[in-house]
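> If you scroll down you'll find the structure; I have some questions about it.
The values are calculated or read from the model by the stated rules, or taken from the named source; none is laboratory data. Please read these numbers as outputs of a predicted model, since none were measured by experiment. Cβ sites come from the backbone with ideal geometry, for glycine too, and all protein chains shown count toward neighbours. These area figures cover heavy atoms from the full protein model, side chains too; ligands, DNA and RNA do not enter into them. Shrake-Rupley method; radii C 1.70, N 1.55, O 1.52, S 1.80 Å.
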Amino acid sequence: TSLMEVMPLLFAYIESSYYNGRMKIRKNGGWGFTDEKFRIRIPMQYDDVYYFKNKNLTKVKKDKKSGVIHRYGQEIIPLNYTDISFETSSDRIYASKEDGIDIFDKEGRLLHTTDYEYLGFYGRNSYTIFKHEGKTGILGYDFDVIHEAEFDLLENFINGFAKVRKNGLEFYINTKGEEVQLTAEQLKEWNDARERRDSLWIDVSS
């Protein structure tokens, strides 16, 4: 605002907004970050970077591999993974690799190693679904297997129940993985809730 140059004309790209005190910059094909005083905090050495929406951590990519760095540049999760996902509701980080998914806490400490092809987000629940060798099961928050991966199809839980398919048969299970028979009223509530969810998803996605 004083009309003084605070960053020289050396950059191919400068982000217009800060996220948690960091702003993306690009030079000679590499991405890095500056702070609010335009000091280079993370050198421009990455092929791609994400915003610091997490207060201290963000994902970066180099040589087609992904990892996580701290806002001061330290490598928290090594760049050995095919993709990184932040599960903000549980403060966990999913690091996908060719033969599974490693799970870290928000500080980058390894919590659990899996050979799953897919792992859902927990959200506000104490369980999520996972997929292993083409079959789907239920995993607890502490990584206990609530139900082995043996379903051909497992929909998301609604009102504590999920529709599943196994050996060509469709039925419902509870959050413990037990088969249940829904009453007519429960079935109506379940279908109504799914329609509302699907309608909301269509509205948001459109």
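> Listed highest first by mean packing, meaning other Cβ atoms within 10 Å per residue, what order do 20-31, 57-68, 5-16 come in?
57-68, 20-31, 5-16
> Given a 1.4 Å probe, how much area per residue of region 59-206 is accessible, in Å²? Display every interim value, and only then the final one.
Details: 8830 Å² over 148 residues.
Heavy-atom SASA per residue in region 59-206 reads 60 Å².
> Want the number for H70 to F11: 0.36 nm per residue separation, take away the alpha-carbon distance, what's left?
Numbers: separation 59, 0.36 × 59 = 21.24 nm, distance 2.27 nm.
My answer for the length gained is 19.0 nm.
> Check cross-link reach from K166 to the lysines: straight Cα distance under 30 Å, and skip same-chain residues fewer than eight apart.
Here the lysines satisfying the reach criterion relative to K166 are K97, K131, K135, K176, K188.
> If each residue of separation counts as 0.36 nm, what is the full-extension length gain between K55 and K27 once their alpha-carbon separation is subtracted? If you can, show how the numbers build up before the last one.
Working: separation 28, 0.36 × 28 = 10.08 nm, distance 2.43 nm.
Between K55 and K27, full extension yields an extra 7.6 nm.
> Could you tell me what percent of the accessible area of the chain is made up of carbon and sulfur, with a 1.4 Å probe and every protein chain present?
Values: 5980 of 12670 Å².
Roughly 47 percent, rounded to a whole number.
> Just report the Cα centroid separation between region 72-92 and region 1-55, whole Å.
Spelled out, the Cα-based centre of one part sits 20 Å from the other.
> Based only on the alpha carbon positions, what is the Kirkwood hydrodynamic radius of the chain, in angstrom? Please report the intermediate quantities before stating the final value.
Values: mean 1/r = 0.0504 Å⁻¹.
For the chain, the Kirkwood estimate is 19.8 Å.
> So which aspartates and glutamates can K106 reach, going by Cα to Cα under 18 Å and dropping same-chain residues fewer than 8 places off?
Within the straight-line limit of under 18 Å, K106 reaches these aspartates and glutamates: E75, D83, E87, D91, D142.
> Please give the calculated 222 nm ellipticity per residue for the chain, where each DSSP H segment of at least 4 residues contributes -39500 (n - 2.57) and the sum is spread over every residue; nearest 500 deg cm²/dmol?
Details: 1 runs with 22 residues, N = 206.
Mean residue ellipticity at 222 nm (helix-derived): -3500 deg cm²/dmol.
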